[in-house]
Amino acid sequence: MVSGSLLGLCFPLRLGLVGPGADDRGIINGILCVLTTGCRWMDMPIRYGSYKAAWRRLKRWQGEGV
């Protein structure tokens, strides 16, 4: 899994539309879970956060070339 110090360097804190966005560590771990297990986004374990947020974050990061 991904450490917090590495996340701070790679992904600076961004505010969402209504406040702080989802936790980057949980989102990244959720994305890794989906990509490594092949499960559907909606079957991503809730402990990683919202599957919708994880999917949107992955698409945004892909668009930004992260």
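The values are calculated or read from the model by the stated rules, or taken from the named source; none is laboratory data. Everything numeric here is computed off the predicted structure, so don't read it as measured data. Here the Cβ is made from the backbone with ideal geometry for all residues, glycine too, and neighbour counts use every protein chain on show.
Within the stretch 11-36, the set of residues being of a type outside the set (A, V, I, L, M, F, W, C), loosely packed, with under 11 Cβ neighbours inside 10 Å and at pLDDT 95 or above comprises Thr36 only. Residues in the stretch 44-54 that are surrounded by 11 or more Cβ atoms within 10 Å (Cβ to Cβ) and free of Cβ contacts under 8 Å to residues at least 24 places away in the same chain: Met44, Pro45, Tyr48, Tyr51, Lys52.
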